[in-house]
1. Go through the range 87-130 residue by residue and tally those that are over 16 Å from P50 (Cβ atoms), surrounded by fewer than 20 Cβ atoms within 10 Å (Cβ to Cβ) and small (G, A, S).
2. If the Cβ limit is 7 Å and pairs must be 6+ apart or interchain, which residue in the range 1-17 that is at pLDDT below 60 pairs with which residue that is in a loop (DSSP other than H, G, I, E, B)?
3. Could you grab me the full set of residues in the range 114-157 that are in contact with a Cys (Cβ under 6 Å, 6 or more places away or on another chain) and β-branched (V, I, T)?
4. Looking at the structure I just gave you, is L104 without any contact (Cβ under 8 Å) to a residue 60 or more places away in the chain and in contact with a strand residue (DSSP E or B) (Cβ under 6 Å, 6 or more places away or on another chain)?
5. Which residue pairs have Cβ atoms under 7 Å apart, sit 6 or more places apart or on different chains, and have a first residue in the range 21-41 that is polar (S, T, N, Q) and a second that is not in a helix (DSSP H, G or I)?
6. Do you know which residues across the range 120-169 are over 24 Å from R25 (Cβ atoms) and either part of a strand (DSSP E or B) or touching a residue at least 12 places away in the same chain (Cβ under 8 Å) (or both)?
Amino acid sequence: MNDSPAPTDAPVLDVWCELQCPDCRSALDDLRALRARYGDRLELRLRHFPLEKHKHAFAAAQAAEEALEQGKGWEYVEAVLGRVEELDREGEPFLVQVARELRLDAEEFDTALVDGRHILIVDADQAEGQAIGVTGTPTYVIGGERLDGGKSQEGLRERVTEIADRLLAEREQ
């Protein structure tokens, strides 16, 4: 999921995430800082990796894709991640409520969750994540290197920055 297209030669940071994950919520500050630092020089892509232990994670991933389709993908992701406890308690009605709060088409949101139009995207992300060894969230992949944020967020922003800076410098040569 990517709200605005980066230049086609921009380095890519894939973030395997799930919207009911407290560790992913902790990673929000790092993601905001990376987006602020690099802007469109780094393509930041949210990849879905719903975990079985979180019963609303799969629906939340589909909801994030609907928000992207309606033009507010990252805004929606941040709103849901900031309130994981409400998602835990309320489930799908909470996902539609957040859409309404962000002035998205809540009725279309509800329909998307029922008709499953975004299931294939979520399934494809999850399958790709499993294929490259993602086991928890958040997990970052940049420049072919996988960084596991589910174990610890400590030092990850610095490591991602280090790799991104190197990739950008290589691109400019």
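The values are calculated or read from the model by the stated rules, or taken from the named source; none is laboratory data. Quick caveat: nothing in here was measured; it's all calculated off a predicted structure. All Cβ positions, glycine included, derive from the backbone under ideal geometry; neighbour counts span all protein chains shown.
1. Here the count works out to 1.
2. Pairs found: A6/L42.
3. T137
4. No, not satisfied.
5. If the second residue must be not in a helix (DSSP H, G or I), the pairs left are S26/Q153.
6. Matches in the range 120-169: G143, R166, L167, L168.
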